[in-house]
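The structure appears below as structure tokens.
The values are calculated or read from the model by the stated rules, or taken from the named source; none is laboratory data. Quick caveat: nothing in here was measured; it's all calculated off a predicted structure. Positions of Cβ are backbone-derived with ideal geometry, glycine not excepted, and every protein chain shown enters the neighbour counts.
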Amino acid sequence: MRGRRLPSDANTGLGSDGGTTMGLRHTFAAGGLAAVLALAACAESPTEDPGPAADGSAGSAQPGADQDPDGPADPAGPADAADTSTDPFAEYAVDRPGPLRERLLSADILISTEQTIPRETVQRIRRLPGVTAVEPLSVALVSVEDRVLSVAAVDAAGYRRFTGLATAEEQAVWDRVAGGEIAVRPALQARLPLDEQDFVRLGSEDGSPSAHVGAWAPQVPTIDAVVNERWAEELGMEPGNALVVSTTITAPQAIRGPVKRILGANASVQLLDIATRLGLDPDAVQTAVVVGTVADAVGTFSYRTLGGGRIAPDPAWVASHIGTEAVPILGTMTCNRAIFPQLRAALEEVVASGLADEIHPEEYAGCYYPRFIAGTTTLSNHSFGLAFDINVPGNQRGTAGELHRGVVAIFKKWGFAWGGDWRWTDPMHFELARIVEPD
């Protein structure tokens, strides 16, 4: 189902720069690709990590502190826009949370797993010495053109207390989330591809869902955007697969060990104060749960962060998902095993159509490349081995590119999305958007 569009005269949102606001829709998990995998920023050069804090400590976030450098919350229009009697997003609306009456909490640990965390397990974590509060939510990864965003489906009344003063006390933000819109970190305002009515399509294939941004507001560290819980099923999210934990005056490092013993080694337990300074907790195993139509091509993707923007995927995942095979025109490629049947079929059709000379093997720039998009902690789609770049010199970002459109049409026929269709074009880039079985 696609998110309904606002009529043209209903677009009253204003961003922090006075421009109209954006829209967005989908998840932060690891299982299905087309609607969720991030397309890698192509031909990006690596950048070095900024290194640890000067004191080398993790510390503990202060309750009510603004834990995101994005600045203050910026509701995209009047608070009463969440009135479901006139709201075009009423089918996704839930009850408004009402005014904030409970105290603010520090967001010190983010826990995420592949499956729903049982209520009894949540209670065990809640009872751990040093734990002040625990808030369940759903998290997943979503693809927005060339990047993966972390999106959470939350209960607004409970989650808002962990977001810092600027966001928590801005009632319009939570009225809009309750009304079916999405709240997004302000740092992403210039990066999301919007249509003329401030919607963005999440996913690479036709029919991927779209949503409207109701507010630009700092979130819990490592979370890019939030929707209400009614969106979780629509977006294919695993319900309750994550927890935000507040330890207040207790160092979160003291809680990590007991939490890992309760949840097991496969759970991701991130210390958010470290994530705030370094982008990601280098001691945590990160678990990406991709949602969408090609989830089986990724499965559960676990990795650790390395220096220079690199990541180290779980060796067992690499062994089961990444392979090296010979294909027409390009020769030997190292990619996700799932794409080879349709990639080979596409290249064979390019040859049969007399277009083989339009692809230049010497200008092929790779497929499997485990790293973040340069200068960020956003996963590249090349990390999953599901994207490849060809004819690089004549097809730079922001250009129409020189690729023969007959070649482009063949790749699209065989299930690949083309970066040349994006708002900020990347015509060298193709990524798997759907599984197509050759006859």
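The set of residues in region 226-254 that are touching a strand residue (DSSP E or B) at 6+ places or on another chain (Cβ under 8 Å), of a type in the set (A, V, I, L, M) and assigned to a loop (DSSP other than H, G, I, E, B) comprises LEU235, MET237. How many residues, within region 319-350, are more than 22 Å from LYS412 (Cα to Cα), in contact (Cβ under 8 Å) with a residue 40 or more places away in the chain and in a helix (DSSP H, G or I)? Count: 1. Applying the criterion of being out of contact with any Leu (no Cβ under 8 Å at 6 or more places or on another chain) and charged (D, E, K, R) to the residues of region 175-201, the residue that is surrounded by the fewest Cβ atoms within 10 Å (Cβ to Cβ) is GLU196.
All told, PHE384 meets the bar of being closer than 23 Å to LEU141 by Cβ and in contact (Cβ under 8 Å) with a residue 24 or more places away in the chain.
LEU188 falls short of the stated requirement of being in contact with a His (Cβ under 6 Å, 6 or more places away or on another chain), among the aliphatic types (A, V, I, L, M) and in contact (Cβ under 8 Å) with a residue 24 or more places away in the chain. Would you call GLY214 assigned to a strand (DSSP E or B), small (Gly, Ala, Ser) and over 17 Å from GLU135 (Cβ atoms)? It is true that GLY214 is assigned to a strand (DSSP E or B), small (Gly, Ala, Ser) and over 17 Å from GLU135 (Cβ atoms). Exactly one residue out of ASN395, ASN391 is in contact with a His (Cβ under 6 Å, 6 or more places away or on another chain) and either crowded, with 19+ Cβ neighbours inside 10 Å or in a strand (DSSP E or B) (or both): that is ASN391.
Only one entry in GLY354, GLY406 is over 24 Å from PHE199 (Cβ atoms), outside any loop (DSSP other than H, G, I, E, B) and modelled with pLDDT of 95 or more, namely GLY406.
Can you find, within region 238-255, the residue that is surrounded by the fewest Cβ atoms within 10 Å (Cβ to Cβ) among those that are modelled with pLDDT under 85 and of a type in the set (A, V, I, L, M)? My answer is ILE249.
In the condition set (1) of a type outside the set (S, T, N, Q); (2) surrounded by 24 or more Cβ atoms within 10 Å (Cβ to Cβ); (3) modelled with pLDDT of 95 or more, GLU135 is compliant with all but (2). The condition (being acidic (Asp, Glu) and at pLDDT 80 or above) is satisfied by just one residue among ASP74, ASP83, ASP108: ASP108. Within region 280-290, at least one residue is under 16 Å from LEU149 (Cα atoms), touching a Gly at 6+ places or on another chain (Cβ under 8 Å) and modelled with pLDDT under 85.
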